[in-house]
1. Given the condition among the aromatic types (Phe, Trp, Tyr) and within 23 Å of the chain's Cα centre (by Cα), answer yes or no: does some residue in the stretch 6-28 qualify?
2. Among (1) out of contact with any helix residue (DSSP H, G or I) (no Cβ under 9 Å at 6 or more places or on another chain); (2) over 20 Å from MET240 (Cβ atoms); (3) surrounded by 18 or more Cβ atoms within 10 Å (Cβ to Cβ), where does GLY267 come up short?
3. Would you check if there is a residue in the stretch 49-66 being closer than 20 Å to PRO173 by Cα, in contact (Cβ under 8 Å) with a residue 12 or more places away in the chain and surrounded by fewer than 16 Cβ atoms within 10 Å (Cβ to Cβ)?
4. Among the residues of the stretch 175-207, how many are of a type in the set (A, V, I, L, M) and buried (at least 20 other Cβ atoms within 10 Å of the Cβ)?
5. When you scan the stretch 120-136, do you find a residue that is free of Cβ contacts under 8 Å to residues at least 24 places away in the same chain and exposed (fewer than 13 other Cβ atoms within 10 Å of the Cβ), even just one?
6. Of the conditions (1) of a type outside the set (Ser, Thr, Tyr); (2) in contact with a helix residue (DSSP H, G or I) (Cβ under 8 Å, 6 or more places away or on another chain); (3) at pLDDT below 95, HIS187 fails just one. Which one is it?
7. Have a look at ARG315, ARG322, ARG285, ARG307 and point out the one that is assigned by TED's automatic domain parsing to the domain that holds HIS184, over 21 Å from VAL220 (Cβ atoms) and within 26 Å of the chain's Cα centre (by Cα).
8. State the number of residues belonging to the stretch 81-106 that are in contact (Cβ under 8 Å) with a residue 12 or more places away in the chain, hydroxyl-bearing (Ser, Thr, Tyr) and in contact with a Lys or Arg (Cβ under 9 Å, 6 or more places away or on another chain).
Amino acid sequence: MTKKKHELHVNASPHVVWQEITKQGRNNWYFLLDVDGTFATGERVVWKAGGEVAEEADVVEADPPRRLELRTRLLFAPNLSALPPHRLVWEVMPDDGGSVVTLSWEATPQASNLYESEGEGILRGLRLAVDPSAWAELARLPEIGEVEVRDVTPERVADYLDFFDHRAFRDFPAWQSCYCMETHRDHTDEEWSARTGADNRGDMQAMIRDGRVTALLAYVDGKPVGWCNYGETTRLSGVMMKLKLDAAEHSGVGSIACFVIAAPYRGHGVATKLLDAAVERLKARGMRSVEAYPRRQEDSSAQAHYRGSLRMYERAGFEPYRETERYFVVRKTL
């Protein structure tokens, strides 16, 4: 068994933090799971995704608002559900008008690697839920400098890492582990669900260095603040898989896979500049058309429109091509 921990200061009282850790219902900061059960010594709690149990725990000790010890099993992937239960401990201590929150664990190496990779994002998400100053740090800037768009080449791996390690998904840490590997995944859903941020970070670095990623970074004042992943559709395995695309219908077609814009820089046209650059590059590579996949839902959050908004594509000259249950498919002839 491996023993490790993460900790973070939040500007909230231990009581407020405890309430958030033990609340029922949807938990946006803990893998978007739904919590069911009572956090009292001797009780059992389950976390569900889409109605299926993803995690369950016996409450070994509950000492509000300071300490919660769980005997936990991860059930969302076969390789994890086969592991023995592990010890997970939340500790909340008063500190300088707020609290220090510690998440520690004693687990097999495989489960420990998961918490080591995802634990920091879990705590950042918890901070967003209880600490108003966390959102203030992500407030939209009233104005920004000139936006420059650059291709993601092997020489820009450090900038890619700087962006995804420090700026991407800061307002939605549940997606922090993606590192945009979803666009290139060729894993089954079970295999994908068991991957960690460290797995995706490492694989994307290797793919960029090997020239297998066509992506763009947007810079303001020399700092990467936006990302667009795009490319020849049939080479974007994750897009092909998730959207159930037919390779025979996508010869000579490019796809705009996704956008990630740092929260303070949204609403300043960064995504539009990335889109224009991606379309230009696909045309230069001989693609006959380019398509994109804006979500149908009315949710205005950045996460709901990570594939780009329908309005942005319409302004760029894309036209309706077909519809699915969750997406509009729009195309532009090049």
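The values are calculated or read from the model by the stated rules, or taken from the named source; none is laboratory data. Given the structure is predicted, the values throughout are model-derived calculations rather than measurements. Please note: Cβ atoms are built from the backbone with ideal geometry, for glycine as well, and neighbour counts cover all protein chains shown.
1. Looking for residues that are among the aromatic types (Phe, Trp, Tyr) and within 23 Å of the chain's Cα centre (by Cα), one finds none in the stretch 6-28, hence no.
2. It is condition (3) that GLY267 fails.
3. Keep residues of the stretch 49-66 that are closer than 20 Å to PRO173 by Cα, which gives 49-50, 54-55.
This time we only want the ones that are in contact (Cβ under 8 Å) with a residue 12 or more places away in the chain, so: 49, 54-55.
Retained after the next criterion (residues that are surrounded by fewer than 16 Cβ atoms within 10 Å (Cβ to Cβ)): 49.
Yes.
4. Residues meeting the conditions: 2.
5. The first filter runs over the stretch 120-136 and keeps only residues free of Cβ contacts under 8 Å to residues at least 24 places away in the same chain, leaving 136.
Imposing the further condition that a residue be exposed (fewer than 13 other Cβ atoms within 10 Å of the Cβ) reduces the set to 136.
Scanning the stretch 120-136 turns up at least one residue that is free of Cβ contacts under 8 Å to residues at least 24 places away in the same chain and exposed (fewer than 13 other Cβ atoms within 10 Å of the Cβ).
6. The number of the failed condition is (2).
7. Values: ARG315 fails: within 26 Å of the chain's Cα centre (by Cα); ARG322 fails: within 26 Å of the chain's Cα centre (by Cα); ARG285 fails: within 26 Å of the chain's Cα centre (by Cα).
Among ARG315, ARG322, ARG285, ARG307, only ARG307 is assigned by TED's automatic domain parsing to the domain that holds HIS184, over 21 Å from VAL220 (Cβ atoms) and within 26 Å of the chain's Cα centre (by Cα).
8. Count: 2.
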